[in-house]
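The values are calculated or read from the model by the stated rules, or taken from the named source; none is laboratory data. Only a predicted model underlies this, so the values are computations on that prediction, with no experimental measurement involved. Cβ placement follows ideal geometry from the backbone for every residue including glycine, while neighbour counts extend to all protein chains displayed. The area values use the complete protein model at the heavy-atom level, side chains included, leaving out ligands, DNA and RNA. Shrake-Rupley method; radii C 1.70, N 1.55, O 1.52, S 1.80 Å.
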Amino acid sequence: MLGVLLLISCLILGILVLYLLVPGLTFEERIFYGFDLGVILISIACFVSAIVFGFNLLQVCLTSLCLLIVSFVLTFWLRSRVAARIKNELQDFRSRLKLRETVWFAEMLLVIGVFFFHLYYNSWRLYPDGWYAGHSFIWGDLPIHTGLIESFVEIRKFPPPNIYFSGTLLSYPFMADFFSSILMILGWSLGPAFVIPGFLLGICTVAGIYLLALRISRSVFASLLTVVLVLLSGGMGFIVFLVEANRSGNFIHTLLNLPSYYTGLRDYAMTYPNIVLGFFLPQRPFLLALPLGMLMLSLLYRFRLSRRPYDMLLVGLASALLPLVHPHTLVTIGIVSGYLVVEYLVLSFLCNDKQGCYRALLSGVLFSLPVTVGMLQVLWQLGNLGATSNGGLSVQITTRAIATENYIWYWLKNVGLFLPLAGLIFVVQGALPNRIRSFYAPFALIWFIATLVVMQPFDCCNRKLLVYWYVVSAVVISLVLVKLILTGDIISRFLVAFLIFLLVFTGSLDLFRASIPSQSRYLEFSNEDIAFANQVKERLPADAVYITATQVHHPITDLAGRQVVLGPPYLANDWGLPWRPRMEDLKLIYTGSSRAQDLIRKYGARYLVIGPTERQLFRVNEQYYQERFPVVLRYGQYTVFDVSSVYGSR
């Protein structure tokens, strides 16, 4: 019950804040952008108050209540302004309702909502033999998020420790996971606290994509097509499917029993995933940021039309929330904002418009001031990593994926006809109105930055920038295609329909496969893993450091939320942490070398775990520990030793 009240509070808070600060939105924008904004505001406020007062039920309730009270007081104080905005939006809503625009929007959300409910329900589901993920992307990413959620609830230290690299503080953008931990504090179990916010934010993101497209294109049909192109995104993988179907001799059987995901064919260097499967489901921080990102892009488009500095101030204020939510969205908004301000300044200078120059400079300052304050969060994050870290920055002018392949051919395979269409529409004179062309220009810059400059060791992180390019490109492509459908002859309409089919064929195959649980099921944690983690949470202290294997899907970190000396090396590498010395030390510890006890003291560990993954990854000398240290927990294949005696009497 308290969790449901929190979700309602997020919606009310976000709507009130938007009414107080942002004029000129529709009811739909206030509802769907407002819910996301409310989740972010309550998450950040609860995090800050947890540092001071601790993380508990009373603290969460009082913090959320204080935010609501402040927003209600401000709304009452500015009631005349808010009432005028509500009156204008009511009139606008009634007029659009008569034209059925709102009805189409609602019908679209209903259809997608039913599908998303099925998809999210199966994304992480408990079966008789354990917990299963509904897609390989979820299988890889989900354990990290469950580990962070459990660590917030179990350890309750703020700023939070990095459970995957003991002795450091967490620098990952964790607000999405922290919100799920708030729901757990309010009484929800891990499953609903994980899945339900994802489902709701997924609906908000779809609504945000539609509303952004509608604001730019001013066409309901183009907006609907934009949603279709984004959700069914995919490259040229359908060609592989057709080859496989032809080889099998039974098209229907191949379709109903798809052998693979066609946006994840590594043998063919097709690795850019469908946006729903690759970003909506597994990328929880990204999903939390996307609706807010759509709102900021709407404000930036409005700035491009009106040149009002206040819109840039609003974008700056929203951007200041992003460092702990999703830094890649901050980078995207920074590039677009910077381009539009510079464009305004240059055009005003060339036209000898002094007032325009002043307004452009003022717009840049109003954007930069709140962002500068928000960047203090980035400095805090980098400080948490420690002096031995590079902050996860690793700039290269290439990507691993295309280092051995032709650049253009690689991206044609991965994005398909979408890429040449977007480029052609951008460069052909008259294909787009000037207002849209100039707004789209910075996204072409984002494309080249994201595909040529790697800013983290894990180059796939650049794909998060490309999602914004893809969304806005889908808007301009949809606008042109709908225009051709409405004004062209029968042959033109047929060709456009065939082109749309090719654009969504691969993504449709992948979503179809993901929607069938029997075809898309990956074991995350066995019943033994789950029961062992529950035993750890019940019987062993939450703030101790554990020595475990370094593979993902370890119940100590991912289900019990405990700190370990070293988790998955790819995480430490992506965060710029020096993991290799720790890996070598773990090998010495598990072999029972002469330095084992010194190394245990070095990392301040209290417990050592020997289970299936430890035996698989290391040459474990189990006898060494059985002879020297007591067993504090034994469950199935797992044994936990208390190694605190290496510190002597304290």
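One table, with the values for the structure above:
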| item | result |
| --- | --- |
| Degrees, to the nearest 10: 57-77 long Cα axis against longest axis of the chain | 20 |
| Dipole-positive endmost among 281, 317, 350 within the chain (Cβ charges, Cα centre) | 350 |
| Per DSSP, loop trypsin sites (Lys or Arg not before Pro) in segment 541-612 with at most 14 further Cβ within 10 Å | 595 |
| With eigenvalues of the C-alpha gyration tensor scaled by 5 and rooted, segment 500-554, Å | 40, 14, 9 |
| Residue order for 424, 290 - accessible surface, 1.4 angstrom probe, largest first | 424, 290 |
| Gain in span if fully extended, residue 523 to residue 84, counting 0.36 nm per residue against the direct Cα distance | 152.6 nm |
| Low-density loop positions, trypsin sites (Lys or Arg not before Pro), segment 504-539 - DSSP coil, at most 11 other Cβ in 10 Å | none |
| Dipole magnitude of the chain, debye to nearest 20 (Cβ charges: Lys/Arg +1, Asp/Glu -1, about Cα centre) | 1320 |
| Distance between segment 544-609 and segment 136-182 - C-alpha centres, whole angstrom | 17 |
| Residue-count net charge about residue 163 - beta-carbon cut-off 11 Å; Lys, Arg +1, Asp, Glu -1 | -2 |
| Student exercise, segment 539-650 dipole from Lys, Arg, Asp, Glu Cβ charges, in Debye to nearest 20 | 200 |
| Under 18 Å from residue 537, Cα to Cα: lysines that are on another chain or at least 8 residues apart | 157 |
| Paramagnetic reach from residue 372 (point 7 Å along Cα→Cβ, amide N under 15 Å) across segment 319-346 | 320 |
| Gain upon complete extension [residue 424, residue 531; 0.36 nm per residue less C-alpha separation] | 32.9 nm |
| Where 574, 543, 92, 177 fall by accessible area, highest first, once all protein chains stay in place (1.4 Å) | 543, 92, 574, 177 |
| Packing rank of 350-356, 201-207, 634-640, 150-156, where each peptide gets the mean count of other beta carbons within 10 Å, highest leading | 201-207, 150-156, 634-640, 350-356 |
| Lys/Arg +1, Asp/Glu -1 at C-beta; segment 423-567 dipole; positive extreme among 526, 440, 565 | 440 |
| Using a Förster distance of 22 Å, the FRET efficiency for residue 62-residue 31 (Cβ separation, nearest 0.05) | 0.25 |
| Alpha-carbon centroid distance for the pair segment 309-339 / segment 472-540, whole angstrom | 28 |
| Lys/Arg +1, Asp/Glu -1 at C-beta; segment 35-131 dipole; positive extreme among 108, 48, 77 | 77 |
| Charge dipole magnitude, Cβ of K and R +1, D and E -1 - segment 1-145, Cα centre, debye nearest 20 | 620 |
| Helical contribution to [θ] at 222 nm, DSSP H n ≥ 4, -39,500 (n - 2.57), averaged over the chain, rounded to 500 | -21500 deg cm²/dmol |
| Separation of the residue 408 and residue 622 label points, Cα + 7 Å toward Cβ, nm | 6.0 |
| Of all accessible heavy-atom area on segment 247-384, the percent that carbon and sulfur account for (1.4 Å) | 68 |
| Relative packing of peptides 2-9, 275-282, 240-247, 131-138 - highest average C-beta neighbours within 10 Å first | 275-282, 131-138, 2-9, 240-247 |
| Linear extension gain, residue 358 paired with residue 53, 0.36 nm per residue minus alpha-carbon span | 105.3 nm |
| List 421, 317, ordered by accessible area with a 1.4 Å probe, largest first | 317, 421 |
| Local electrostatic count, residue 226, Cβ distance below 14 Å [Lys/Arg +1, Asp/Glu -1] | +3 |
| Å² of accessible area per residue within segment 328-381, as computed with a 1.4 Å probe and no ligands counted | 55 |
| Total formal charge among the other residues, if their Cβ is under 14 angstrom from that of residue 359, Lys/Arg +1 and Asp/Glu -1 | +1 |
